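Okay, so here's the structure we're looking at.
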Amino acid sequence: MSFETVLASIFSAAFIASVLRVSTPIILAALGGLLSELAGVINIALEGIMLGAAFAGVMVSAFAPQWFPGLPVWVFPWIGVLAGIITGIILAWLLAFFHLELGADIILAALGINILAAGGTVFLMYSITGDKGSTSTLASPAIPNIVIPFVNNIPFVGTLLNAENLTGYNVFTYVALIMTVLITIFLYKMPLGAHLRAVGENPDAAASVGINVKRVRYYALLASGVLAALGGLNLSMGYLTIFQANMTAGRGFIALAVIYLGNRNPIGTVIAALIFGAATSLGAQLGTLSVPPQLIEMIPPAVTVIALVIYNLRKRAQIVANARKFQERAEKA
Amino acid sequence: MRDITKIYPNGVVANDDVNFSVERGEIRALVGENGAGKSTLMKILYGLESFTSGAIYLDGQRVDISSPHKAIDLGIGMVHQNFMLVPSFTIAQNVVLGSEPRKGSFMDADAAIRITESLAKEYGLEVEATARIDATPVGMRQRVEILKTLYRGADLLILDEPTAVLTPQETDDLFEAVRRLVNQGKTVIFITHKLVEVKEISDTVTVMRHGKVTGNVATKDVSEVDIARMMVGRDVFLQVDKAPQQRGKAKARVEHLGYISETGRPMLRDVSFNVYEGEILGIAGVEGNGQTELVEVMSGLKPATTGEIYVGDRQVARKNARQVRRAGVGHIPEDRLTNGVALEATIAENLVVDRYYRPPIAHASIMSPRVIRSQSEALMAEFDIRAAGYDAPMDSLSGGNMQKVVLAREFSADPALLIAAQPTRGVDIGASEFIHNQLLAKRDDGKAILLVSADLSEVMNLSDRIAVMYKGKITGVFQNSPDLTEEELGFYMLGIKEQTPEEMAQNM
């Protein structure tokens, strides 16, 4: 394939569809991380929670037909999703308990959870299926796609709204987009959202007006567990229908970078996740050229690093601008 | 508050059988040295601390105040010394935080602004409801704190050292606002250690010392000296006796100094002055106007962006701290715990940290424990440092004794230029008296001293000349004389007045 075809494929609806698909798990995890970060309890266990939930979803949905034989078939994947979410909540609760109740350092506790999830999933997978690499011996179901009706005959729009094969986007992609809107409203329009931001910025100030700092941080961490779990489930029950050892492959950490890149707000976070998704998709396109694959694999992390540098430069400029505004105000006063 | 006793888990008795009462509609000053227990008492009243025994009564009813929430419900509000505000929120958002007006399950932003503006108008506390806190001057932030307590229905306001960060003009505004509050039926407890303010604002005074109440008097019946005596337990000389000045030649010359912070903000702009031998030059100004940076640049902790500093004939701008010290500069840092001492190290180690590498302590890179011990013990005796021994850990000392360790090190290095930044911050009246006398002794000995202090009365009591800083610039230089008033300096501290270069040159 020539370079021109790669270019052509980038400026196509199919490319946008692929970006959305790649970005979905990162958007979900990053929104969760954002809530915890804004509450002042940054959750770096996103990676482990994604992994744990991805595993629980596959296992439970694969065995659900044996456990609940009477239920209709469409229910089984959703039982898996429920199991994944519960796993996410348990792991996030562990982190919250260690940090908020026992006073453990949140970074160290989260590292522990990441290691626990990485080892624990492989251990359980081997114990149950006898395979250390993946659950390919199990038949696990997928969460369905949603196809928007009537648009498939319209050339560009059809691909845009229902992805390249016109088979629609996964439910998780829609969940990610809806969550972005809901979290934005929550953070900026609802009292609890304001309390969450206040707790993160100045916990003493929040406590002095009667806000229960610990409780708010519990909520934030548990919510981050749910969202990261959805991100993980998207990998094993949407993107693929299989669990592989370490299948998150650093997406939980990318999600953390994306939060700062997105200037610690939901819309920015989503845009940053899409930029990362675009870099990944581009890498996939370039894979068809004779570029060494190692270089291509470097693109997404390189884009992230460059973007973080730009973000920090911008932030410094912003601090200077704020300082200047402050000076001007003071001069006026 | 009746028979309140508070014993901390480590055995420290912070309040010992304290009786404290305040009448509706009065302004009661609560004074005492650091560690006298006044903050603890107020934290108990506001539900931030529990007490060991005793009882609290409000309007004759015994009440249980186990959390700030309960205190708020009972109409008690507290304005903390360090502001409890969320920087990225607007003023209105800060005022209503925790009990936001709602429209369904959403916050009602318009109502928050309306409420803030109407409260501000009612009590004459002018604020800009839609401005963000981090773009708001300190004086306004304090008004926001007061509005917060009023929004929560406070009838009894506790103000914890509210004037510490204010200029004289802002202090006047605050006092006016406090009087207005009282006229509208509120009651105010005013914690302070500035005796002038006690006389000016309060109706009655409660004095505390060592966890006990040592006096409850009507303000008009006592003088400042009386109050000071109750605070310290002995006679205190509020005015220092200053010998006539013997001014020598310029020891330190600062020329066109500029410093731009890491965030790109200009913190020092074209600062020039001399410090002469046998002189205390005081730097006055509201905190955050470049004084901290000036001291850090002059002591070698930060590199000057532009300009030169000479000590004697040595150029020390952009030299490191050791080089600057070797040029004869001593530095009493404003943040004792970060830059003044190493908390985990021993007293002896802290005393010799500027000289451990050279004779008489070290020969050929080997330190002599014997010399360290004898030097340390001599300094501890000379500066009256009370501790278990020269090898006791630093963090076992009280704030006043820690400051004495810093003083002992800096004074014994016999610097030609001594930079003293907030030398009496957080130390009690007795210790500040000692520090002031030591500074004056150095001056009389012909040393050059640069005194930076947020406490205007300290600057005015000690200095021979006073330079005022505002936004990183020197806005005025004055010969200290009885005619120079705090109000006049206040105009320069606020940037309302600025001397012309010619006027400034007269006092250079």
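The values are calculated or read from the model by the stated rules, or taken from the named source; none is laboratory data. The structure displayed is predicted, hence computed values, not measured ones. A quick note on method: Cβ atoms are made from the backbone with ideal geometry, for glycine too, and the neighbour counts reach across all protein chains shown. The accessibility values were calculated without ligands, DNA or RNA, using every heavy atom of the protein model including side chains. Shrake-Rupley method; radii C 1.70, N 1.55, O 1.52, S 1.80 Å.
Annotation: extensible slack from B:ASP17 through B:VAL196 equals 61.6 nm (criterion: 0.36 nm per residue apart, minus Cα-Cα distance).
Largest accessible area first, the listed residues A:LEU138, A:LEU240 line up as A:LEU240, A:LEU138 when surface is computed with a 1.4 Å probe on the assembled protein chains. Net charge in the neighbourhood of A:LEU261 (other residues with Cβ under 14 Å of its Cβ; Lys, Arg +1, Asp, Glu -1) is +2.
Protection proxy ranking of A:91-98, B:178-185, A:45-52, A:60-67, by the mean of other Cβ atoms within 10 Å over each peptide's residues and highest first, is A:45-52, A:91-98, A:60-67, B:178-185. Structure shown: which of A:LYS189/A:LYS214; A:LYS315/B:LYS319; B:LYS186/B:LYS220 lie over 24 Å apart, alpha-carbon to alpha-carbon? Cα-Cα > 24 Å for A:LYS315/B:LYS319; rest within.
When the P(r) is computed for region B:1-82, the part past 19 Å accounts for 35% of the Cα-Cα pairs.
For region A:74-231, the relative contact order works out to 31 percent when only alpha carbon pairs closer than 8 Å and six or more residues apart are counted. Using the Cα gyration tensor of chain A, with a ≥ b ≥ c the square roots of its eigenvalues, what is the shape: rounded (a/c below 1.5), prolate (a/b larger than b/c) or oblate (neither)? Taking the square roots of the gyration eigenvalues as a ≥ b ≥ c, chain A is oblate. Evaluated on chain B, the Kirkwood hydrodynamic radius is 24.8 Å, with distances taken between all distinct Cα atoms.
For region A:196-223, a decrease in accessible area of 50 Å² or greater in the assembled protein chains relative to the isolated chain, with a 1.4 Å probe, applies to A:GLU201, A:SER208, A:VAL209.
The mean number of partner chain beta-carbon atoms within 10 angstrom of a residue's beta-carbon across peptide B:97-108 is 5.
Entry comment: accessible area of region B:355-429 is 46 Å² per residue, from protein heavy atoms only and a probe of 1.4 Å.
Applying 1/(1 + (r/R0)^6) with r as the Cβ-Cβ distance of B:ARG358 and B:THR306 and R0 = 45 angstrom yields a FRET efficiency of 0.90. Remark: spin-label model distance B:ARG180-A:LYS189 equals 3.6 nm, labels positioned 7 Å along the Cα→Cβ axis.
Number of Lys-Lys pairs in region B:4-123 with C-alpha atoms under 29 Å apart and a separation of 8 or more places or on different chains: 8. For region B:119-182, GluC sites (Glu not before Pro) are listed when DSSP marks them as loop and at most 16 other Cβ atoms sit within 10 Å of their Cβ; the list is B:GLU126.
For B:SER99 and B:ALA250, the difference between the fully extended length at 0.36 nm per residue and the C-alpha to C-alpha distance is 48.4 nm.
I need to check one value: relative contact order of region B:2-232, counting alpha carbon pairs closer than 8 Å and at least 6 residues apart, in percent. Result for region B:2-232 is 29 percent.
Classification of region A:1-123 by its C-alpha gyration tensor yields an oblate form. The axis ratio a/c (a ≥ b ≥ c) is 1.5 or more, and b/c is at least a/b. For B:ALA342 and A:TRP74, a Förster radius of 60 Å and the Cβ-Cβ distance give a FRET efficiency of 0.35, rounded to the nearest 0.05. Between B:MET367 and B:GLU502, how high is the FRET efficiency from 1/(1 + (r/R0)^6) when r is the Cβ-Cβ distance and R₀ = 51 Å? Nearest 0.05. For R0 = 51 Å, the calculated efficiency reads 0.40. The equivalent ellipsoid that matches the C-alpha gyration tensor of region A:89-140 spans semi-axes of 30, 10, 7 angstrom, in descending order.
When B and A come together, around 2600 square angstrom of accessible surface is lost from both chains combined, probe 1.4 Å. Here the peptides B:478-487, A:184-193, A:301-310 are ranked by packing, the mean other Cβ count within 10 Å, and the order with the highest first is A:184-193, A:301-310, B:478-487.
Only the Cβ atoms of Lys and Arg (+1) and of Asp and Glu (-1) were treated as charged; on that basis the dipole of region B:370-508 about its Cα centre amounts to roughly 520 debye. Using a simple spin-label model with pseudo-atoms 7 Å out from Cα toward Cβ, A:LEU240 and B:ASP134 lie 4.2 nm apart. Between region B:350-400 and region A:242-312, the alpha-carbon centres lie 55 Å apart.
Were the residues from A:SER136 through A:ILE310 laid out at 0.36 nm apart, the gain over their Cα-Cα distance would be 58.5 nm. Summarising the label geometry, the points placed 7 Å from Cα in the beta-carbon direction at B:ARG2 and B:ARG322 lie 6.5 nm from one another.
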